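Below you'll find the structure, written out as structure tokens, and then a few comments.
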Amino acid sequence: MLKDFFFKQKRFATIPSEHAKKDIPEGRVKKCDRCGTITFVKELEKNLYVCPNCDYHFALSAPERIKMIMDQGHFFEYDSDLISSDPLKFEGYTEKLKSDMEKSNLNEAVVTGEGTIGGFPVVIGVMDTRFRMGSMGSVVGEKITRAIEKAIVKRYPFIMFSASGGARMQEGIFSLMQMAKTSAAIAKLHRERILFISVFTNPTTGGVSASFASLGDINIAEPGALIGFAGPRVIEQVIRQKLPEGFQTSEFLLDHGQLDMIVHRKDLKETLSQLLNLHMVKGRI
Ligand SMILES: [Zn+2]
């Protein structure tokens, strides 16, 4: 019909029906937490999970991070069979662990192991917030400590990618002890003069920020990461003062001397390779 030629453009806005909404399968698109832009997951993947509109760095799973950082994604994992017990018989903890294992396909909130970055051998630890918010219980502390000990034996640099809500409340004092244990292991690494690079990603808070994560010879953060011990509301209540703007972000901490550099995700691997290269001593790191 002739009239069809003139009304090709829709004259009215269409409101998608419930049925239409279901046409986009869940998981195909992702909404940016900061600016609300909706992006196809495939496009985000290509952009290293950085929002193309506002540069927000989405949280990465441990396997995604390893794929991105290690040469050809090659990685030899340590202690993947360690799983948490329930030392305090905390109500619902066992079920929560089980459901996080199924959801994340991981046994705990940290993956440790070795591989190469830019050809340089390293031991790394990568936390994953999908598992109990990346909180540090006995197994997380133990895996990180064992990884540091491996780094000492092999004399490989240690790189830790932190992402954590802090200590794991369901393990109480056992969780808090991990702060001392991991810090002592890092102290030993320092005494052995082995390089430790700490990479803060969003978010690194609580007992993790207050232990090994802040003890790097070089402390790096991704842009806009939340880094701190207690939440801003708690601090405001305690000190009864308004906190400055941007408090507890990577940028604020860099300005105040707590970080050495902020590195965009697209430059992270190259920066780590350069740092490893700089710390080579007579053909060895
Ligand atoms: Zn955004």
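The values are calculated or read from the model by the stated rules, or taken from the named source; none is laboratory data. In this text, all values refer to a predicted model and were calculated from it rather than measured experimentally. In this analysis, Cβ positions are derived from the backbone assuming ideal geometry, glycine residues included, and neighbour counts consider all displayed protein chains. Ligands, DNA and RNA are stripped out before the accessible areas are found, and what is left, the full protein with its side chains, is counted by its heavy atoms. Shrake-Rupley method; radii C 1.70, N 1.55, O 1.52, S 1.80 Å.
The table that follows gives values for the structure above.
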{"read-out": "Residue that is nearest to the chain's Cα centre (by Cα) [pool: residues in the stretch 28-40 that are of a type in the set (A, V, I, L, M, F, W, C) and either within 8 Å of the ligand (Cβ to nearest atom) or loosely packed, with under 13 Cβ neighbours inside 10 Å (or both)]", "value": "CYS32"}
{"read-out": "Criterion (of a type in the set (Asp, Glu) and surrounded by fewer than 20 Cβ atoms within 10 Å (Cβ to Cβ)) met by exactly one of GLU171, GLU149, GLU222", "value": "GLU149"}
{"read-out": "Set ILE144, ILE197, ILE159: member being touching a residue at least 60 places away in the same chain (Cβ under 8 Å), under 26 Å from TYR49 (Cα atoms) and surrounded by fewer than 24 Cβ atoms within 10 Å (Cβ to Cβ)", "value": "ILE197"}
{"read-out": "Residue check, GLY134 small (Gly, Ala, Ser), open to solvent by less than 60 Å² (accessible area, probe 1.4 Å) and over 20 Å from LEU268 (Cβ atoms)", "value": "no"}
{"read-out": "LEU60 vs. criteria at positive phi, at pLDDT 95 or above, touching a helix residue (DSSP H, G or I) at 6+ places or on another chain (Cβ under 9 Å) and assigned to a loop (DSSP other than H, G, I, E, B)", "value": "no"}
{"read-out": "Any pair with Cβ under 9 angstrom, 6 or more apart, that starts in the stretch 247-274 at a residue that is over 16 Å from ASP217 (Cβ atoms) and part of a loop (DSSP other than H, G, I, E, B) and ends at one that is open to solvent by 60 Å² or more (accessible area, probe 1.4 Å) and of a type outside the set (A, V, I, L, M, F, W, C)", "value": "PHE247/PRO232; GLN248/PRO232; HIS264/ASP55"}
{"read-out": "Selected residue (criterion: surrounded by the fewest Cβ atoms within 10 Å (Cβ to Cβ)) from residues of the stretch 57-96 that are of a type in the set (A, V, I, L, M) and within 16 Å of the ligand (Cβ to nearest atom)", "value": "ALA59"}
{"read-out": "Qualifying residue in the stretch 49-56 (condition: among the polar types (S, T, N, Q) and within 16 Å of the ligand (Cβ to nearest atom))", "value": "yes"}
